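Chemist: Shown below is the structure under consideration.
The values are calculated or read from the model by the stated rules, or taken from the named source; none is laboratory data. Given the structure is predicted, the values throughout are model-derived calculations rather than measurements. When we count neighbours, we look across all protein chains shown, and the Cβ atoms used for this are built from the backbone with ideal geometry, even at glycine.
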There are 2 protein chains.
Amino acid sequence: MNNFRISLAQINTTVGDLDLNTEKIISNIELAKSQDSDLVIFPELSITGYPPEDLLLKPQFIQDNIIQLEKIIPVTEKISAIIGFVDAKSDIFNSAALISNKKLEGVHHKALLPNYGVFDELRYFKPGENPTIFNINGIFIGINICEDIWHNNGPFVKQREMGAQIIININASPFEIGKRKIRESMLIDRAQSNNLYIAYINLVGGQDELIFDGYSTVLNPKGDIIAQAKSFQEDLITIDLDILTNKYINKPTIVSNNYIPNNNKVSKVNKNNIDNLLDTNEIKDLYQALIMGTKDYVEKCNFDSVIIAMSGGIDSSLVSTIATDALGKDNVYGISMPSRFNSKTTINDTKELAINLGIKLHTIPIEEIFNHYEKILKNDVPNWESNLVAENIQARIRANIIMALSNQENLLILATGNKSEIATGYTTIYGDMVGGFSIIKDVYKTNVYKLANYRNSLSKKNIIPQSIIQRPPSAELRPNQTDQDSLPEYIELDSILNLYIENDNNVNEIINKGHDKNTVKDIIKLVDKNEYKRRQSAPGIKVTSKNFGRDRRMPIANNYTKFIFNNIHKGNK
Amino acid sequence: MNNFRISLAQINTTVGDLDLNTEKIISNIELAKSQDSDLVIFPELSITGYPPEDLLLKPQFIQDNIIQLEKIIPVTEKISAIIGFVDAKSDIFNSAALISNKKLEGVHHKALLPNYGVFDELRYFKPGENPTIFNINGIFIGINICEDIWHNNGPFVKQREMGAQIIININASPFEIGKRKIRESMLIDRAQSNNLYIAYINLVGGQDELIFDGYSTVLNPKGDIIAQAKSFQEDLITIDLDILTNKYINKPTIVSNNYIPNNNKVSKVNKNNIDNLLDTNEIKDLYQALIMGTKDYVEKCNFDSVIIAMSGGIDSSLVSTIATDALGKDNVYGISMPSRFNSKTTINDTKELAINLGIKLHTIPIEEIFNHYEKILKNDVPNWESNLVAENIQARIRANIIMALSNQENLLILATGNKSEIATGYTTIYGDMVGGFSIIKDVYKTNVYKLANYRNSLSKKNIIPQSIIQRPPSAELRPNQTDQDSLPEYIELDSILNLYIENDNNVNEIINKGHDKNTVKDIIKLVDKNEYKRRQSAPGIKVTSKNFGRDRRMPIANNYTKFIFNNIHKGNK
């Protein structure tokens, strides 16, 4: 036999839905069988969904996942399958089962457990030891799980020494802007340095804050990408590998796939320059990630439809557009809640956008209720018209109304805040922060504009009216207000935030990159002081290397910034 | 020399406030010097505060903490000190520095890093290796850090073999109901089994969700507790140990302490019976924990005063009482916001409680605004009077008003929800869940009553009116409503919740403990489905073995309960 036929089953699992996940695994095994594959491989923890988090502390959950594995075993007549599950011995392991011809042949335990960023795997799993290799139809394979292959000295090294010809790497690798390049660069290096075929199967789909982008990939020992699955959707690709001669065939027999030749120069993402962060492919991927993240959260939480407070601003306009792309126009409800401070332009722009999207738009003015709050609070709140309290009340009246409609019609509210404003606290807690899911929470304002322009470029007619994109951003909570009354230009703000948040730069490092000292200090103070708001914010879709969720665990009671600025003041630093 | 004089400096640190923490360390070194101590010891990570969380990812933070250590070194003339800090080599370590007579003598790196429950130490630190012992004035000591001593095979074993006579264990051990007994039992066993003196120094104070209870303890090799510091407050105790003869002196020379003879039988907490959870000492400790947690959060977040929505119910009454005990009557503002559904009794009870506590009470009726919401929403919300939407609107109007006062007067809002209702979602998100800190969030309703009765027992006159304690609990959001319209009795509810949440029991295990099958299923569904609300809830004070914070990390999009109930239904389980 010269050819080894392998199928990569890039499925979208749901955490805890063991029946659904098992059904998907079984139907993909059947599909691979029908294509005469020797082996079909599935993503990390495909039986449980990823990440199961503290469900892993429930003994019954572990037991149930093993029962599901036992249901899959009989389906593997005349085929092999590699399936992610939780193995339980004296402890539990993040594992891959190799099943061949109705028999469990062996199990690989993940050796390298990530415990940084959004990952808490050492909270649950014991690291695996003694990697081994398996013989499938005369071909020797080594199994790795995700992190295992990211380190130079992962288990594949020993497996190669033992005679492995293919490394199967099963993954649940979360999407981040620019990560695809880094991942492919790593895989190319592993294949070349070890002279091995690599089949990299990734999960696809959204799970709470995480997006798995798919892009499952097969590489030959020269490091060429010889097959790649679709991104942001389920896929099954099958490819023949000419293993015994260990020679790359220029035109591999691809039974079914969407092979994308990838000759991009791989470069490390320049995290320090937000403005240059997104190339054309990246903006496209980001938009797709937001669509899939929205759709999957809504559906996996068992909702049909969403409601969005449409202000006529760029953020809510982008959110409405993404939601419509994700869920279809019949499942998106817009609500406009104007006050005395909303201009005719923004109200008309909202209407135009709703018409462009084809979604329903409901209007409930808040003026009368706002006047009543003024009446009962004016004794306690002097200078009502110019008081921040009155601005916040408007946002909170809107929150009450949208929550009432959400409760009444079982609509999930999509919050519309972007990363720049959530970072600086330029949001009203229990006001515009209200919602079940906050889809652009990890998208900086500068990228909000890029996404809006990108989406407009896809249709002949601008979906998002140019007036919305061009108008200076404003919360419209007092007369003639704009965001830049109290914040620097977004291009500068985002650059500072990116250095401080994603890159953990200190004050001096940020200043030395050309930013104004007082601006930097003001922004850092705002970021730190608003941790309490973020702690109560809706979950959102992670798209950067550090989101405001499991990724960034900051204390609320925290006087480090005070300490730093005291010492800068004293000239000690 | 026969005597070795040791001081335990039980200080209250603040995360990130490196100057404050350093000042406290220096002043306690001076105090111990004035008492002619050979050695003064400080809690885990005393320079940075505990837990610093992702501040540890900032290189400057690590560097700053080492600069602070260098400031402390010169103060140790003619005394030794052991101080918790972050050591930085090729990686960072949770460490204890031994400084003697102005010289850094050595450093112990924590060997066993907790990465379960609220702890994420493997996210940050590398485990220490090669434990050693140090000679202080002719006495050999081994240093351990917190988790190091909880395991039978901790570094103290090797240190004992090397000749250690005293184990110094520096800690930041979070309070939980019943944990003191478990901790003391462990320490007694360590002292006896290893024939060693143990000086256990604990942190004291609140930090976000965690409370550190103090109770620093010295044990002799027979396992007797020969000195113990105060609980829930700063303390410095000094004691002479008769080391060379290694013989316990019945009356040790205690220079200053509040030695509490402790002859309690140590027993493992019976986590399965919520009703028997609290003995008299435990209820007292719990009340103290809530006071300290409240006071420290308010102060460390740089607030002076709090505001509480007082409904006349038991929860807000207990919260107001704890807040007054914590902050003083002048720093607590009550607000009563009656609607048509509030009875005269609850309104009068609120007034009586405010008078008893001596706090200001402000009244703003919500009736008129409620009517206005009805007017603008009645087309969208049919059957307004009997609709859940109208109930939620009331809670959210109150939220708007209390937030306005909070914004105007810079008052921290204390939310009043208890663990039973937060677990089941019997709360209105953006309504009564609103607040900066949720002090009884981890206290089950049955314990809310015990705490109210306990607090009343401390004064001649009942502070909390009996009418509040005896009235059937009600949200008063519709006519004649009580909690038991839709929930089982709290004694049963809390028992089920405790089995499910703290003990990870599955459905059958809970039913087998005598609970009704349908009740169990209903409650578990409620708990799972309301994860989204908890994710947006205010932080609160952890007092059980599993709080709704860093302790319990559950997915929101999670269909495991659906899977379980489908399979129970199909008779598969």
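Chemist: Determine if the range B:299-306 includes at least one residue that is of a type outside the set (Lys, Arg), at pLDDT 80 or above and farther than 30 Å from residue A:380 by Cβ.
Modeler: no
Chemist: Here is a check on your reading of the model: is residue A:487 away from chain B (no Cβ under 14 Å), in contact (Cβ under 8 Å) with a residue 40 or more places away in the chain and assigned to a loop (DSSP other than H, G, I, E, B)?
Modeler: When the stated conditions are applied, residue A:487 passes them.
Chemist: While we're looking at this one, here's another question. What's the total number of residues in the range B:84-120 that are among the small types (Gly, Ala, Ser) and in contact (Cβ under 8 Å) with a residue 60 or more places away in the chain?
Modeler: Of the residues in the range B:84-120, 3 are among the small types (Gly, Ala, Ser) and in contact (Cβ under 8 Å) with a residue 60 or more places away in the chain.
Chemist: Still on this structure: Consider only pairs whose beta carbons are under 8 Å apart and that are at least six residues apart or on different chains; among these, list those whose first residue lies in the range A:433-460 and is in the same structural domain as residue A:296 (by TED's automatic domain parsing) and buried (at least 24 other Cβ atoms within 10 Å of the Cβ) and whose second residue is assigned to a loop (DSSP other than H, G, I, E, B) and of a type in the set (D, E, K, R).
Modeler: Listed by first residue and then by second, the contacts come to A:442/A:542.
Chemist: Now for a separate question. Any chance the range A:431-447 includes a residue that's in a helix (DSSP H, G or I) and closer than 23 Å to residue A:332 by Cβ?
Modeler: Yes.
Chemist: Going residue by residue through the range B:487-497, is there one that turns out to be of a type in the set (Gly, Ala, Ser) and closer than 28 Å to residue A:553 by Cα?
Modeler: The answer is no, given that none of the residues of the range B:487-497 is of a type in the set (Gly, Ala, Ser) and closer than 28 Å to residue A:553 by Cα.
Chemist: Would you mind finding the one in B:477, B:458 that is within 15 Å of residue B:315 (Cβ to Cβ) and of a type outside the set (Phe, Trp, Tyr)?
Modeler: B:477
Chemist: Can I ask one more? Which number in (1) modelled with pLDDT under 95; (2) buried (at least 17 other Cβ atoms within 10 Å of the Cβ); (3) of a type in the set (Val, Ile, Thr) marks the one condition that residue B:496 misses?
Modeler: Checking residue B:496 against (1) modelled with pLDDT under 95; (2) buried (at least 17 other Cβ atoms within 10 Å of the Cβ); (3) of a type in the set (Val, Ile, Thr), the one that fails is (1).
Chemist: Oh, and also: Residue pairs, Cβ under 6 Å, 6 or more apart or interchain, first in the range B:194-206 and outside the structural domain of residue B:301 (by TED's automatic domain parsing) and more than 14 Å from residue B:216 (Cβ to Cβ), second in a strand (DSSP E or B) and among the aromatic types (Phe, Trp, Tyr). List them.
Modeler: Going by the 6 Å Cβ cut-off, there are no qualifying pairs.
So that you can scan it fast, the table gives a plain yes or no per residue for (1) over 19 Å from residue B:546 (Cβ atoms); (2) under 21 Å from the mean Cα position of the chain (by Cα); (3) not polar (S, T, N, Q):
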position: B:449; (1), (2), (3): yes, yes, yes
position: B:481; (1), (2), (3): yes, no, no
position: B:487; (1), (2), (3): yes, no, yes
position: B:491; (1), (2), (3): yes, no, yes
position: B:499; (1), (2), (3): no, yes, yes
position: B:505; (1), (2), (3): no, no, no
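Chemist: Ok, one more. When you scan the range B:1-55, how many residues do you find that are hydroxyl-bearing (Ser, Thr, Tyr) and within 14 Å of chain A (Cβ to nearest Cβ)?
Modeler: Total meeting the criteria: 5.
Chemist: To continue, here is another question. So, in the range A:114-145, how many residues would count as being more than 14 Å from chain B (Cβ to nearest Cβ) and of a type in the set (Phe, Trp, Tyr)?
Modeler: 2
Chemist: Also, quick follow-up: In the range B:327-413, which helices (runs of 4 or more DSSP H) lie fully inside it and hold 1 or more residues that are at pLDDT 95 or above and under 21 Å from residue B:471 (Cα atoms)?
Modeler: Once the helices (runs of 4 or more DSSP H) in the range B:327-413 are filtered for at least 1 residues that are at pLDDT 95 or above and under 21 Å from residue B:471 (Cα atoms), what remains is B:344-357, B:388-409.
Chemist: Now, a different point. Only one of these is surrounded by fewer than 17 Cβ atoms within 10 Å (Cβ to Cβ), farther than 23 Å from residue A:324 by Cβ and in contact with a Lys or Arg (Cβ under 7 Å, 6 or more places away or on another chain): A:503, A:512, A:518, A:480. Name it.
Modeler: Result of the check over A:503, A:512, A:518, A:480: A:503.
Chemist: Something else about it: All but one of (1) at the interface with another protein chain (Cβ under 10 Å from one of its Cβ atoms); (2) over 16 Å from residue A:87 (Cβ atoms); (3) assigned to a helix (DSSP H, G or I) hold for residue A:61, so report the exception by its number.
Modeler: Single failed check for residue A:61: (2).
Chemist: Exactly one condition in (1) within 14 Å of chain B (Cβ to nearest Cβ); (2) part of a loop (DSSP other than H, G, I, E, B) is not met by residue A:299; state its number.
Modeler: Among (1) within 14 Å of chain B (Cβ to nearest Cβ); (2) part of a loop (DSSP other than H, G, I, E, B), the lone unmet condition for residue A:299 is (2).
Chemist: Kindly check whether there is at least one residue in the range A:550-572 that is modelled with pLDDT under 95, over 25 Å from residue B:302 (Cβ atoms) and not β-branched (Val, Ile, Thr).
Modeler: Yes: the range A:550-572 contains one or more residues that are modelled with pLDDT under 95, over 25 Å from residue B:302 (Cβ atoms) and not β-branched (Val, Ile, Thr).
Chemist: Scan the range B:364-389 and report the pairs whose first residue is within 7 Å of chain A (Cβ to nearest Cβ) and whose second residue is assigned to a loop (DSSP other than H, G, I, E, B), with Cβ atoms within less than 7 Å and a gap of 6+ or a chain change.
Modeler: Correct list of pairs: B:364/B:337; B:376/A:364; B:381/B:387; B:389/B:381.
Chemist: A further question on this structure: Working only within the range B:461-477, note down all residues that are in a loop (DSSP other than H, G, I, E, B) and either touching a Leu at 6+ places or on another chain (Cβ under 6 Å) or surrounded by 13 or more Cβ atoms within 10 Å (Cβ to Cβ) (or both).
Modeler: B:462, B:463, B:464, B:465, B:471, B:473, B:474, B:475, B:476, B:477
Chemist: To continue, here is another question. When the residues of the range B:14-39 are narrowed to those that are assigned to a loop (DSSP other than H, G, I, E, B), among the polar types (S, T, N, Q) and touching a strand residue (DSSP E or B) at 6+ places or on another chain (Cβ under 7 Å), which ends up surrounded by the fewest Cβ atoms within 10 Å (Cβ to Cβ)?
Modeler: Checked the range B:14-39; the qualifying residue surrounded by the fewest Cβ atoms within 10 Å (Cβ to Cβ) is B:35.
Chemist: Which one of the conditions (1) touching a residue at least 40 places away in the same chain (Cβ under 8 Å); (2) within 11 Å of chain B (Cβ to nearest Cβ); (3) closer than 30 Å to residue A:15 by Cβ does residue A:289 fail to meet, given that it meets all the rest?
Modeler: The single condition residue A:289 does not satisfy is (2).
Chemist: Report whether or not residue A:409 is facing another protein chain (nearest Cβ under 10 Å) and either on the phi < 0 side of the Ramachandran plot or among the hydroxyl-bearing types (Ser, Thr, Tyr) (or both).
Modeler: Answer is yes for this residue.
Chemist: If you don't mind, there's one more thing I want to ask. Considering only the range B:64-82, state which residues are within 29 Å of the chain's Cα centre (by Cα) and more than 9 Å from every other protein chain (Cβ to nearest Cβ).
Modeler: If the condition is that a residue be within 29 Å of the chain's Cα centre (by Cα) and more than 9 Å from every other protein chain (Cβ to nearest Cβ), then B:65, B:66, B:68, B:69, B:81, B:82 are the ones that fit.
Chemist: Still on this structure, I have one more. Looking only at the range B:522-573, filter to residues that are away from chain A (no Cβ under 11 Å) and more than 16 Å from residue B:419 (Cβ to Cβ); which one of those is surrounded by the fewest Cβ atoms within 10 Å (Cβ to Cβ)?
Modeler: Once the filter is applied, the top-ranked residue is B:571.
Chemist: Only one of these is among the polar types (S, T, N, Q) and more than 27 Å from residue B:330 (Cα to Cα): B:383, B:400. Name it.
Modeler: B:383
Chemist: Shifting gears a bit: Among the residues of the range B:308-326, which ones are under 21 Å from the mean Cα position of the chain (by Cα) and not in a helix (DSSP H, G or I)?
Modeler: B:308, the sole residue that qualifies.
Chemist: Does the range B:105-113 include one or more residues that are within 14 Å of chain A (Cβ to nearest Cβ) and either in contact with a Pro (Cβ under 6 Å, 6 or more places away or on another chain) or not hydrophobic (A, V, I, L, M, F, W, C) (or both)?
Modeler: yes
Chemist: I need the full set of residues from the range A:297-329 which are out of contact with any helix residue (DSSP H, G or I) (no Cβ under 7 Å at 6 or more places or on another chain), at negative phi and either surrounded by 24 or more Cβ atoms within 10 Å (Cβ to Cβ) or free of Cβ contacts under 8 Å to residues at least 24 places away in the same chain (or both), in order please.
Modeler: A:297, A:299, A:300, A:316, A:319 - these are the residues of the range A:297-329 that are out of contact with any helix residue (DSSP H, G or I) (no Cβ under 7 Å at 6 or more places or on another chain), at negative phi and either surrounded by 24 or more Cβ atoms within 10 Å (Cβ to Cβ) or free of Cβ contacts under 8 Å to residues at least 24 places away in the same chain (or both).
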